[in-house]
Amino acid sequence: MPGRKAAVSEPTPETLLLWWIGDQQIHADAGYFAAERKQALLRLKRSTVTLQSAKWLSEAVPPEERHPALSWNHHLITKTLSKEDRRFWLEQAAKEDLSTRRLSEQIKKGRPTGAS
């Protein structure tokens, strides 16, 4: 459709930052330069909820399972799915250029968007 903004694109700086925040918290909790990482996170001036959400999603979706062309919110929608189902739905979202709303709808229906 002409003029339609693509739902799937390169990750935004905010998406990359949220993944970084979550990953840094995981490493800090593991003791890797914990004090320094925690100080850096405090300087970001993000809410506690944002910091907790970023960590939680980073724990649920490790780097090797993230789809680089999809937003943080695409991954958030699939957070409670099994690893296999998450992979399937993230691939579908990228392949079919699904918005987060459309991805959520398709997951609730329990079938790929092309299925009838």
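Read the figures in this text as sums done on the coordinates, not as results from a lab. As the structure is a computational prediction, the values presented were derived from the model and not from experiment.
Does region 94-108 hold any residues that are small (Gly, Ala, Ser) and within 14 Å of residue 10 (Cα to Cα), and which are they?
Start the filter on region 94-108 by keeping residues that are small (Gly, Ala, Ser), which leaves 94, 99, 104.
94, 99, listed by residue number.
For region 1-95, please list each of the helices (runs of 4 or more DSSP H) lying entirely inside it that holds at least 2 residues being farther than 23 Å from residue 105 by Cα.
13-29, 34-43, 48-60
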